[in-house]
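Structure, as structure tokens:
The values are calculated or read from the model by the stated rules, or taken from the named source; none is laboratory data. What you see is a predicted model; the values in this text were computed from it and never measured. For neighbour counting, all protein chains shown are included, and Cβ atoms are generated from backbone atoms with ideal geometry for every residue, glycine included. Surface accessibility is based on the protein's heavy atoms, side chains included, excluding ligands, DNA and RNA. Shrake-Rupley method; radii C 1.70, N 1.55, O 1.52, S 1.80 Å.
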Amino acid sequence: MADVYILGIESSCDETAAAVVRSGEKMMSNVVFSQIATHQPYGGVVPELASREHLRAIVPVVRKALADAGQTYQSVDALAVTQGPGLAGALLVGISYAKALAFALEKPLIAVNHLEGHIHAVLLEERQKENREIKFPVLALVVSGGHTHLYLASQRAQSWNYENIGHTRDDAAGEAFDKVAKLLGLGYPGGPVIDQLSTHGDPTAVKFSSSHLKHPDRRTARPGAKAPASEGLSIAALKRCATQDQGSPPALENRPRFDFSYSGIKTAVLRYVETHNLRGAIEARRKELAGMTKPRLEDYLAHCDPETLDLVASFQRAMVEDLVGKTLAAARACGVATLFVTGGVAANHELRQRFELDAAQEGLPVYFPSRPLATDNAAMIAAAAYPKFLARDFASMEVSAEAGMALR
Ligand code: KG4
Ligand code: ZN
């Protein structure tokens, strides 16, 4: 089979990205234009500004991706674009541009789900390392600013199937990192700052109880516990079922769910701030950091007292323990052979370490994308498009943005 060059375009949130990937396994270029500076003063992504910035950046970003890959508009075999989920106006910029290119160049257009892209970022990473030994079924934790989702992923010929077995009932994990950072006057986005500061605090200093990480009507099953009667089989039965046939996880209707909840821990941090009179110090820090164009770790450290560093480290520890604990419980119950951890929060050092240690204890291989492939990028979109190219699963010219697009 001849090499297939796919130009991927991603514009679902606050990164304008384009990349060329060869045959789903070799990243030829990966250009990401981050809008962080635009959104930073607002402490979060402003949808209208995101669309405007995508419009400004899309043409130069695509040109650079082609040039870096030694390709041209004419030489690529297909175009792939993120259809959803994401911000409707932001998605539309990428989709309209990709449609126009596909029409003008008479090339096939492939519509890709952003979450499928995050999952294929792991596959791309492993293929680049020439690892072709991934065993199925795979459980993928997609953990980002907009999602905390668990998918069972399976592959039949060129067709990938995804079954959602858990998601957050309220805030996504990345959203919790961002909200806590904002609350503590640490700016936006919060994940990378909290990640760096956490090594300077005591992660056992502040206790977050499991009730801070629980949704009132969550149906999360615990290892060794019986699934609620309405969910059919007990976890033990599911385990048996999964061991009998490693290739096919237990039937959909009998599966317990493994949901997450992160709005409680954010409220617990707020309460801590109030009861420990941290407001004054937070406001001072916010002002100091706002005056700097790109604060460095030393700047953050210079404006954080030990109590704040302990709070940050304890928050991250609680988040990591919850994400790892629930994902491994789901992996056990579904009898999966491999774990994928992907999305922006998968860049977190403590999360990666903890997953590696705990999964190894269970004899479960765990794979992550490299950091540039963990956060939003277009190489993952071009990689996810390759099996669709082989299956000739092309989008029509009527394809449009699907802000709430589900992954199946
Ligand atoms: O995947 P992504 O780039 O965009 C979405 O699809 O949401 O993820 C962005 C999220 C943000 O919430 C950001 O704070 C978080 O990922 N993030 C991190 C780290 N790097 C990015 N969270 C924790 N630790 C990190 N090192
Ligand atoms: Zn993402």
Checklist entry - Given N residues in the stretch 88-154, what is Rg(Cα) / (2.2 N^0.38 Å)? => result 1.42
Item to check | Residues of the stretch 368-408 with amide N under 16 Å of the 7 Å Cα→Cβ point at His167 | outcome: 402-408
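Once you order the gyration tensor axes a ≥ b ≥ c over the Cα atoms, which shape class does the stretch 355-394 get: rounded for a/c under 1.5, otherwise prolate or oblate by comparing a/b with b/c?
On the way: a/c = 6.04, a/b = 1.97, b/c = 3.07.
Note, shape of the stretch 355-394 comes out oblate.
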Checklist entry - Quick one: net charge of Ala98's neighbours, Cβ under 11 Å, K/R +1, D/E -1? => result +1
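Once you've got the Cα coordinates, tell me which of Lys26/Lys107; Lys266/Lys287; Lys182/Lys326; Lys129/Lys388; Lys99/Lys388; Lys64/Lys388 are over 19 Å apart. Please report the intermediate quantities before stating the final value.
Numbers: Lys26/Lys107 21 Å; Lys266/Lys287 22 Å; Lys182/Lys326 26 Å; Lys129/Lys388 22 Å; Lys99/Lys388 17 Å; Lys64/Lys388 25 Å.
Pairs exceeding 19 Å: Lys26/Lys107; Lys266/Lys287; Lys182/Lys326; Lys129/Lys388; Lys64/Lys388.
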Checklist entry - Could you give the distance between the Cα centres of the stretch 305-336 and the stretch 110-188, to the whole Å? => result 16
Item to check | Label-point separation, Ala37 to Thr293 (7 Å along Cα→Cβ), nm | outcome: 0.7
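Provide the convex hull volume over Cα atoms per residue for the stretch 322-368, in Å³. Intermediate results must be reported in sequence, preceding the final value.
Working: hull volume 3.0 nm³, N = 47.
It is 63 Å³ per residue.
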Checklist entry - By the gyration tensor of its Cα atoms, with a ≥ b ≥ c the square roots of the eigenvalues, what is the shape of the stretch 1-144: rounded for a/c under 1.5, prolate for a/b over b/c, or oblate? => result oblate
Checklist entry - Put Arg408, Arg257 in order of accessible area, largest first, 1.4 Å probe: what do you get? => result Arg408, Arg257
Checklist entry - Heavy-atom accessible area of Leu323 with all protein chains present, probe 1.4 Å, nearest 10 Å²? => result 0
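If you add up the charges near Ala382, with Lys and Arg at +1 and Asp and Glu at -1, over every other residue whose beta carbon is less than 14 angstrom from its beta carbon, what do you get?
On the way: positive: Arg22, Lys26, Lys107, Arg127, Lys388; negative: Asp3, Glu10, Glu25, Asp68, Asp77, Glu116, Glu125, Asp376.
Around Ala382, the charge tally is -3.
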Next on the checklist: Please compute the modelled spin-label separation between Arg392 and Glu307, points set 7 Å along Cα→Cβ, answer in nm with one decimal.
Outcome noted: 6.8
Item to check | Spread of Cα-to-Cα distances over 5 Å intervals beginning at zero, given as percent, for the stretch 81-193 | outcome: 2, 10, 14, 16, 17, 17, 13, 7, 3, 1, 0
Checklist entry - Can you pull the accessible area of Ser210 for me, 1.4 Å probe, Å² to the nearest 10? => result 80
Checklist entry - Mind checking which of Ala176, Ala111, Ala268 has the largest fluctuation in a GNM of the chain, springs on alpha carbons under 10 Å? => result Ala268
Checklist entry - Using a Gaussian network for the chain with springs between C-alpha atoms less than 10 Å apart, which of these wobbles most: Gly70, Gly84, Gly146? => result Gly70
Next on the checklist: How large is log10 of I(q)/I(0) for the stretch 35-119 at q = 0.13, 0.15, 0.26 Å⁻¹ when the intensity is taken from the Debye formula with one equal scatterer per alpha-carbon?
Outcome noted: -0.48, -0.63, -1.33
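Helix by helix through the chain, keep the DSSP H runs that span 20 Å or more along the axis on Cα and average at least -0.5 on Kyte-Doolittle, and give those back in order. Present the calculation step by step, with values, prior to reporting the outcome.
Working: long enough: 47-68 (29 Å, 0.03); 88-105 (25 Å, 1.71); 114-128 (21 Å, -0.44); 306-334 (42 Å, 0.39).
Once both thresholds are applied, what remains is 47-68, 88-105, 114-128, 306-334.
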Item to check | Net charge, Ala157 excluded, C-beta distance under 13 Å - Lys, Arg +1, Asp, Glu -1 | outcome: +2
Item to check | Solvent accessible area, Å² - Thr342, 1.4 Å probe, full protein context | outcome: 0
Checklist outcome for this item: Bridge orientation stat for the chain from DSSP, antiparallel percent rounded to 5, came to 60
Checklist outcome for this item: Checked the stretch 298-405 against the a/c 1.5 cut and the a/b vs b/c comparison, axes a ≥ b ≥ c from its Cα gyration tensor; verdict oblate
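Would you please give the FRET efficiency between Ala100 and Arg132, computed as 1/(1 + (r/R0)^6) with r the Cβ-Cβ distance and R0 = 51 Å, to the nearest 0.05?
It comes to 0.90.
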Checklist entry - What per residue convex hull volume, in Å³, comes out for the chain when only alpha-carbon positions are used? => result 141
